[in-house]
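The values are calculated or read from the model by the stated rules, or taken from the named source; none is laboratory data. Here the structure is a predicted model, which means the values were calculated and not measured. FYI the Cβ positions are ideal-geometry reconstructions off the backbone, even for glycines, and counts take in every protein chain you see. When the accessible area is computed, the model is the full protein with side chains, heavy atoms only, and any ligands, DNA or RNA have been set aside. Shrake-Rupley method; radii C 1.70, N 1.55, O 1.52, S 1.80 Å.
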Amino acid sequence: MCPIKCWSRRKEARPQEILEAALALFVEKGYAATKIEDIARAAGVTRGTPYLYFANKEEIFKSVIRALLLPQLAIGATLLQDWQGSARDLLQELFHLWWRNVGATSLSALPKLMIAEGGNFPEVMQLYNEEVTAPGQAMLRHVLTLGVARGEFVINDIDYAAHILSSPMVMAMLLQNTPLHCLPADFSAQRYVQCTVDLFLTGLLARPMDASHA
């Protein structure tokens with residue numbers, strides 16, 4: 001029999017379990033088709049338990065973003081704040097961090113979900129844009145601005161450069177969450193991220209890299 005201490009810990013874990021179950025169902029069935037009772041069943045809780053923590057399905061989705069995804073953005077923000085090295089290395093580390101903490105997890109399905117469902121749920125889409133997309137773009141612009149200021153990068157339009165830089169990563173997340181399985185069977189995320197960074201940096205560097213640095 002589980003002691004009271006164990007039961008308390010289990011109770012505290014329920015919101016996280018509900019959110020993880022909700023994310024999986026939103027991706028599998030779509031936001032509109034997912035019912036709260038489906039989420040409860042997938043989380044292994046009673047039908048009414050989600051309502052103890054969330055007012056409705058929209059609040060569950062907002063909490064998926066805020067509780068599961070925003071902490072990953074915070075890690076990226078801390079990386080930028082504490083960074084002491086070059087802008088080139090910072091851009092590279094930021095991309096690898098992005099893939100480790102988002103692209104390689106169930107959170108990678110969120111862009112697909114927003115493309116499929118966002119138009120029907122404008123409040124949810126607005127939340128995603130304001131709390132995820134905008135801060136993510138701001139981090140990229142920060143790195144690019146730093147690189148220009150230090151003479152490492154030559155960029156004429158930082159705003160558009162930030163959007164272009166993020167596109168390959170978003171596309172990889174979309175492809176790995178489609179039934180078409182567009183990515184090769186031997187797809188290596190590490191190689192993909194590194195190749196993406198290398199391709200951009202080759203064009204961004206003010207001076208070509210010499211052989212020893214490469």
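Working from Cα positions, state the angle (0 to 90°, nearest 10) between the long axis of helix 70-82 and the longest principal axis of the chain.
Here the helix axis deviates by roughly 30 degrees.
Could you tell me which of Ser106, Ala40, Gly118 has its Cα farthest along the dipole of the chain towards the positive end, charges placed at Cβ (Lys, Arg +1; Asp, Glu -1), taken about the Cα centre?
Looking along the dipole axis, the top candidate is Ala40.
For region 118-164, take every pair of Cα atoms, bin their distances at 5 Å starting from 0, and report each bin as a whole percent.
5, 22, 22, 16, 14, 10, 6, 5, 1
No solvent, one uniform scatterer per C-alpha: report log10 I(q)/I(0) for region 89-131 via the Debye equation at q = 0.16, 0.21, 0.35 1/Å, two decimals.
-0.53, -0.74, -1.05
Find the accessible area per residue for the chain; the probe is 1.4 Å, ligands and nucleic acids are left out, and the unit is Å².
I get 56 Å² per residue for the chain.
Please determine, in degrees from 0 to 90 and to the nearest 10, the orientation of helix 134-149 with respect to the longest principal axis defined by the Cα atoms of the chain, where the helix direction is its Cα long axis.
Roughly 20 degrees, rounded to the nearest 10.
Only Lys, Arg, Asp and Glu count, each charged at its Cβ (+1, +1, -1, -1), so figure out the dipole size of the chain about its Cα centre, rounded to 20 debye.
Dipole about the Cα centre, nearest 20: 740 debye.
Across the chain, how many lysine pairs separated by 8 or more positions, or lying on different chains, have Cα atoms within less than 19 Å?
7
Rank Asp38, Asp82, Asp159 by mean-square fluctuation in a GNM of the chain with C-alpha springs under 10 angstrom and give only the top-ranked residue.
Asp82
In whole percent, how big is the carbon plus sulfur part of the accessible area of region 63-169, probe 1.4 Å, protein atoms only?
56 percent
Comparing Arg66, Arg14, Arg191, which has the greatest mean-square fluctuation in the GNM of the chain with Cα pairs linked when under 10 Å apart?
The residue that fluctuates most here is Arg191.
Which listed residue (Val64, Val143, Leu127) has the Cα farthest towards the positive end of the charge dipole for the chain, taking +1 on Lys and Arg C-beta and -1 on Asp and Glu C-beta about the Cα centre?
Selected residue: Val64.
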